[in-house]
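Right, one structure below, let's go through it.
The values are calculated or read from the model by the stated rules, or taken from the named source; none is laboratory data. Just so you know, these numbers come straight off a predicted model, no measurement behind them. Neighbour counts are summed over all protein chains in view; Cβ atoms, including those assigned to glycine, are modelled from backbone coordinates with ideal geometry. Accessible surface areas use protein heavy atoms only, side chains included; no ligands, DNA or RNA. Shrake-Rupley method; radii C 1.70, N 1.55, O 1.52, S 1.80 Å.
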Amino acid sequence: MTTPTASVNRLRPRRSCLAVPGSNPRFLEKAQGLPADQVFLDLEDACAPLAKEGARHTIVDALNKGDWSGRTRVVRVNDWTTHWTYRDVVTVVEGAGANLDCVMLPKVQDAQQVVALDLLLTQIEKTMGFEVGRIGIEAQIENARGLVNIDDIAGASPRLETLIFGPADFMASINMKTLVVGQQPPGYPADAYHYILMRILMAARTHDLQAIDGPFLQIRDVDAYREVAGRAAALGFDGKWVLHPGQVDAANEVFSPSQDDYDHAEMILDAYDWCTSEAGGKKGSAMLGDEMIDEASRKMALVVAGKGRAAGMRRTTAFEAPEA
């Protein structure tokens, strides 16, 4: 393994993570015009077995010739239990590594699978003369074993950027009694996904990674998508997969703060900076209107303000220091 250079941004915006079949040139071209934060070109489930080899070269061509500006560029390879994985990685990274941000590894079950991908990426980067450690890894958790081993997985490589919940395969792996991916199974009165999502989130935050919710397959029901996305956003997840252009705007909205919350967060940061300064009396806490703010308030505000800034939001209020 290798330690990435300090210039690598491991906390990229990922409110909307758009899945695009790597074997479909028309979809690859259309994706370049959609306002998704991240686009991942898929060699796994979205590609039929007979199409995978050709899709590798289609993806290389799309990454090198397409306009992906402003988007995080990711390729999802096949998982290590298949015979496609190593060739997926070698072909794509050797062919388009300079125009690739991350490799997504599906069905991760233990830390060694991440270590193996890290090692392969390092060898390719050294061979090709790429910056060693620049290409990140996204680990998709899709079964019970992966969730049980998630702490080790989350700490397996400095290349790791995100942990992703893969609901469909996960639901099958635990025999969940439903065929509707992402919705609550009948007969269970609480949220059947709460433990899973929180477990992923805790591992991600322990290792300073992002946490991403997986797909919602009822692609034309945008209201239901918003509801499911809102559950993950409320817990603290950073984004969610989108399978259809109609879901992109919903994801960007749900995983961005409201204008009022963003403005309030920026006001808290300004007010705290002022009250702890010489001019503000070097106080550890102060009042912002009717609200008392302190260091804990500042930490919470940093999260909301950071999400708003990453989303390109502009504040509509300005802090004015109180008169002495």
Discussion item. I'm checking a number: the convex hull volume of the Cα atoms of the range 222-324, normalised per residue, in Å³. What is it?
Written reply: 107
Practice prompt. Compute the accessible area per residue over the chain, keeping the other protein chains in place, probe 1.4 Å, unit Å².
Written response: 46
Worksheet item: So how much accessible area does residue 223 have, in Å² to the nearest 10, using a 1.4 Å probe?
Response: 120
Worksheet item: Roughly to the nearest percent, how much of the accessible area of the chain is carbon and sulfur, given a 1.4 Å probe?
Response: 54
Item to complete: Would you list, by chain and number, the lysines whose Cα falls below 24 Å from the Cα of residue 307, excluding same-chain residues fewer than 8 positions away?
Response: 240, 299
Worksheet item: Each residue of the range 53-67 in order: what ³J(HN,Hα) in whole Hz does its phi give by Karplus 6.51 cos²θ - 1.76 cosθ + 1.60, θ = phi - 60°, with x for Gly and Pro?
Response: 4, x, 5, 4, 6, 4, 5, 4, 5, 5, 5, 7, 10, x, 9
Response to the item:
Correct response: the longest run of the chain lacking exposed trypsin sites (Lys or Arg not before Pro), defined by DSSP loop and at most 15 other Cβ within 10 Å, is 11-176
Item to complete: Would you mind calculating the relative contact order of the chain from Cα pairs under 8 angstrom and at least 6 residues apart, reporting the percent as a whole number?
Response: 15
Worksheet entry | Label zone at residue 323 (point 7 Å along Cα-to-Cβ), backbone N below 20 Å, the range 283-297 | 287-290
Fill in: Area of residue 303 that stays accessible when all protein chains are in place (1.4 Å probe, Å², to 10)
90
Worksheet, complete the sentence: Which residues qualify? For residue 42, with a placed amide H closer than 5 Å and at least 5 residues away or on another chain, they are 20, 22, 76
Fill in: Long-range amide H partners of residue 276 with built H, under 5 Å
283
Item to complete: Whenever you get a sec, line up 191, 290 from highest to lowest accessible area (probe 1.4 Å, protein heavy atoms).
Response: 290, 191
Item to complete: Express in whole angstrom the spacing between the alpha-carbon centres of the range 234-284 and the range 134-151.
Response: 27
Worksheet entry | Within the range 25-89: Cβ-based charge dipole about Cα centre, in debye rounded to nearest 20 (Lys, Arg +1; Asp, Glu -1) | 160
Fill in: the range 20-65 and the range 160-208: distance between their alpha carbon centers, rounded to Å
26
Discussion item. So I have (1) 142; (2) 200; (3) 155, and one of them is volume of the Cα convex hull per residue in Å³ calculated from this model. Which one is it?
Written reply: (3)
Worksheet entry | Chain lengthening between residue 26 and residue 303 when straightened (0.36 nm per residue, less Cα-Cα) | 96.0 nm
Fill in: Within the chain, longest stretch clear of exposed GluC sites (Glu not before Pro) (DSSP loop, no more than 15 other Cβ within 10 Å)
132-277
Discussion item. Can you compute the charge dipole magnitude of the chain about its Cα centre, using +1 on each Lys and Arg Cβ and -1 on each Asp and Glu Cβ, nothing else charged? Give it in debye, rounded to the nearest 20.
Written reply: 740
